[in-house]
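Have a look at the structure below before the remarks.
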Amino acid sequence: MRILHVDASAKRERSNSRALARFFLERLRDEHVNVEVDYLDVTVDTPAHVNEAFAIATYTPAAERTPEMKAALAPSDALCRRLLEADACVFAMPMYNWSMPSAFKAYVDNITRAGLTYVNGPDGRIHGVLTRQKVLFITSRGADLRVEPYSSMDALTPALRAAFGFIGVAEPGFVDAQPLQFSEPAARMAALERARAELSTVAAKWAAAVEAQPASPVQTNQDAMASSVA
Ligand SMILES: Cc1cc2nc3c(=O)[nH]c(=O)nc-3n(C[C@H](O)[C@H](O)[C@H](O)COP(=O)(O)O)c2cc1C
């Protein structure tokens with residue numbers, strides 16, 4: 001299983017989201033999943049913010065793009081390719097100011113691409129291409145957003161659901177570790193324990209799904225698209 005693993009915490013050794021993502025990959029290996037990781041740290045290799053060249057090039061039909069437009073889109077093309085080549089994605093990030101880290105938002109802006117990660121179908125509707133990938137979001141939060149007064153302030157989960165739903169991810173998984181900062185040590189420990197238990201469950205499910213897959217030729221996103229827009 002080829003896994004695209006993306007980290008987005010500004011912290012390194014002290015990061016809980018990074019540690020939880022590593023824990024998840026270890027659990028998958030424990031479940032005897034043959035894991036091949038494509039790793040991206042968006043705080044190190046931060047995708048470019050949308051600029052004018054990108055904004056114009058991305059909505060210009062591919063056949064009409066100038067060499068300059070193609071060059072403006074090349075890094076985004078490469079990020080889309082990595083996403084499309086993955087069988088599964090693990091996106092780990094902290095909540096920053098109720099939403100996603102800006103480096104991860106820049107990543108989202110780079111992988112939301114007409115003709116690559118979503119297409120206009122013959123029915124006039126937009127179809128996301130990421131229909132075959134399993135996607136897991138591991139988020140870490142300082143507060144506990146499961147309960148008031150913070151539950152109504154969660155702008156992270158809906159934003160991730162919308163952005164990835166648009167490119168075809170219908171049922172992403174979420175493991176949210178909370179509260180990890182604005183709470184007593186016992187509550188933080190319990191939150192990490194809960195997150196690790198949930199991650200172990202997800203790892204077992206992914207392993208069972210891999211096990212149940214018939215040995216067949218590798219399916220591409222083009223294959224998946226062909227059946228979804230047929
Ligand atoms: C700049 C910044 C903004 C933050 N904003 C929020 C927030 O809006 N809500 C929240 O619950 N926690 C917030 N936190 C706390 C982090 O989400 C929390 O500490 C998380 O566990 C960090 O994950 P990490 O250990 O992977 O870096 C913020 C932390 C930082 C550094």
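Here are the numbers for this structure:
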| read-out | value |
| --- | --- |
| Spin-label model distance (nm) - residue 208 vs residue 181, 7 Å beyond Cα toward Cβ | 3.6 |
| Net length gained if the chain between residue 193 and residue 46 were fully extended (0.36 nm per residue, minus Cα distance) | 49.9 nm |
| Rg and Dmax of the range 42-166, Cα atoms only, in Å | 16.2, 52 |
| The range 56-126 - Debye-derived log10 I(q)/I(0), Cα point model, q = 0.19, 0.28 Å⁻¹ | -0.91, -1.26 |
| Residue-count net charge about residue 3 - beta-carbon cut-off 10 Å; Lys, Arg +1, Asp, Glu -1 | -1 |
| Potential extension, residue 63-residue 152 segment - 0.36 nm per residue separation minus Cα distance | 27.6 nm |
| Principal-axis tilt of helix 102-111 within the chain, Cα atoms, nearest 10 degrees | 30 |
| Compactness of the chain - radius of gyration and Dmax, Cα, Å | 18.4, 59 |
| The range 71-200, dipole about Cα centre (Lys/Arg Cβ +1, Asp/Glu Cβ -1), debye to the nearest 20 | 220 |
| Cα gyration tensor shape for the range 1-57, rounded if a/c is under 1.5, else prolate or oblate | oblate |
| Percent of beta bridges antiparallel (DSSP, the range 2-229, rounded to nearest 5) | 15 |
| Full-extension gain in nm, residue 166 to residue 53, via 0.36 nm per residue minus C-alpha separation | 38.4 nm |
| Around residue 150: net Lys/Arg minus Asp/Glu count, Cβ-Cβ under 15 Å | -2 |
| The chain - percent relative contact order, Cα under 8 Å, separation 6 or more | 23 |
| Partners for residue 11 among aspartates and glutamates (Cα-Cα distance below 15 Å; same-chain residues under 8 apart left out) | 41, 45 |
| Simple label model, 7 Å out from Cα along Cβ direction - residue 81 to residue 38, nm | 0.9 |
| Proximal lysines to residue 205, defined as alpha-carbon separation beneath 22 angstrom and excluding residues fewer than eight positions away on the same chain | 134 |
| Cα gyration tensor shape of the range 11-112, rounded if a/c is under 1.5, else prolate or oblate by comparing a/b with b/c | oblate |
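Laboratory data are not the source of any read-out in this text; all were calculated from the coordinates shown. Note that the structure is predicted; figures quoted are calculated from it, not measured. Ideal geometry is used to build each Cβ from the backbone, glycine not excepted, and the neighbour counts take in all protein chains shown.
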